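Scroll down for the structure; my scribbles are underneath it.
The values are calculated or read from the model by the stated rules, or taken from the named source; none is laboratory data. Predicted model only: the values in this text are computed from it and were never measured. With ideal geometry, Cβ positions are generated from the backbone for all residues, glycine too; neighbour counts draw on all protein chains shown.
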Amino acid sequence: MDKVYCTRVAAFLEEFDREYRSDPFRKIHWKKVQDWVETDHANLHIVEGASGSIRFATIIKKIRPGHRLRNFAREVISTVAPGELECLAFAHAPDDGCRQDLVEHLKSLGSVWFTHMNQENPAALRVMCEAGATHLSARIGGVGRGEISGMHYLGTRTDHTLNPIDKVCFGLVGSFDPKDMAERLLTMPFEVTDRGERYGGPKKTWKRVCIRSAGGPRHTADTEIRNHLVFQTAPDLLPIMESVGPLRDFDYMMLTRTDENDGIIARHSDIALDAKVVRLGPKPDHTMRFHFVIQSNPECVFHVWNDDGTKQSVVMQTGDIWYTDVRKPHAVENRGPTPRIHLVADMYGDTAPWAKFTRTVPEGVWELDAIPATFP
């Protein structure tokens, strides 16, 4: 395709999404449009107005029958049937008539899967709503700020499946008495790592003490943890961790500090973090992330963006133990007067820790009726 033409289409698609794009790496370049059409054999459909301006555009391709569509949790949500389509991108000019024309065009296509839509773009969500599409889940980018690509279906099929536990952002496990742990642990040799330079912003407000790397030998976990300087300094943390699960089942572990007075952990997703050695998620042989809150304050807020693009926030209080789904984009703002000190630990899911979830959590944060007694 002609570069000038592709550039014009890319600019139109980019403008539709730019204001709401969270990930600076996710941009629509003219070569991307060209590749969609020439390599992926997608159909570029453009409707222009009388002045020659674009009213709406879609890029749609046929999907191979039998292809399994997976979400951020690597769960298969459906298997493609013959003749079904996949919408790679759409956009409309900013007026009601253009939007309504796009909606009618999408409804005329039959059975369509939307897998690349910016779930945080209200204009795109309005198109999905008016077309009658069903939101199923999302794909989440593993670089940048964790772009949430909504997965929607428009058609008559009802056989798609979902795992309700993947809708959970975080849950309160229990509590402990932190005593004087913060005072002791603030003497640890916290350091800014390569990840920390991004996460803590230009002021490098996030630091850590690495206790155990991801994917380490499971048979050495108990000994490595007990012998680490952090637990030599605060041995009273060990029985608290064991209230969630045996030490041999813990994997990646670190002590983190987020500075007081405008300390941040920038929005990011850990979905691709050490993916070659360990899988995240609440299921057997995957690891779940737990936060042991050693010190915090009422102005320290933890944010998680769910797969539907909504942001859920919680103040984790000193002495709390929380499960968090770090496959989803998350961030921290510490506006308070004290550092945020958390022990962050990943635990393998084969110990079925749901039995430990006994405390009430903020409304809308945890769907209690969606929690199975054991892992799926």
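Would you please name the residue that is surrounded by the fewest Cβ atoms within 10 Å (Cβ to Cβ), looking only at residues in the range 127-158 that are in contact with a helix residue (DSSP H, G or I) (Cβ under 7 Å, 6 or more places away or on another chain) and part of a helix (DSSP H, G or I)?
GLU130
Look at the range 44-66 and say how many of its residues are surrounded by 13 or more Cβ atoms within 10 Å (Cβ to Cβ) and closer than 25 Å to GLY141 by Cα.
So the answer is 8.
Within the range 252-263, is there a residue that is polar (S, T, N, Q), assigned to a loop (DSSP other than H, G, I, E, B), more than 22 Å from VAL230 (Cα to Cα) and assigned by TED's automatic domain parsing to the domain that holds GLU224?
Looking through the range 252-263, at least one residue is polar (S, T, N, Q), assigned to a loop (DSSP other than H, G, I, E, B), more than 22 Å from VAL230 (Cα to Cα) and assigned by TED's automatic domain parsing to the domain that holds GLU224.
Given the options SER213, SER175, name the one that is more than 27 Å from ASP307 (Cβ to Cβ), assigned by TED's automatic domain parsing to the domain that holds ILE294 and modelled with pLDDT under 90.
The conditions single out SER175.
Residues to consider are ARG18, ARG26; find the one that is surrounded by 15 or more Cβ atoms within 10 Å (Cβ to Cβ), in the same structural domain as GLY146 (by TED's automatic domain parsing) and not hydroxyl-bearing (Ser, Thr, Tyr).
Criteria check complete, one pass: ARG26.
Could you identify the single residue in ARG74, ARG157 that is more than 30 Å from HIS268 (Cα to Cα) and in the same structural domain as PHE16 (by TED's automatic domain parsing)?
Just one listed residue meets the conditions, ARG157.
Assuming THR310 fulfils every condition listed in (1) in contact with a Lys or Arg (Cβ under 6 Å, 6 or more places away or on another chain); (2) without any contact (Cβ under 8 Å) to a residue 12 or more places away in the chain; (3) hydroxyl-bearing (Ser, Thr, Tyr) apart from one, which condition is it?
(1)
Within the range 34-85, which strands (runs of 3 or more DSSP E) (wholly inside it) include 3 or more residues that are on the phi < 0 side of the Ramachandran plot and aliphatic (A, V, I, L, M)?
Numbers: elements: 43-48, 54-62, 68-70, 76-79.
Answer list for the range 34-85: 43-48, 54-62.
Looking at the range 285-348, what strands (runs of 3 or more DSSP E) fall wholly within it and have at least 1 residues that are surrounded by 21 or more Cβ atoms within 10 Å (Cβ to Cβ)?
The strands (runs of 3 or more DSSP E) meeting that bar are 287-295, 300-305, 320-324, 330-334, 340-348.
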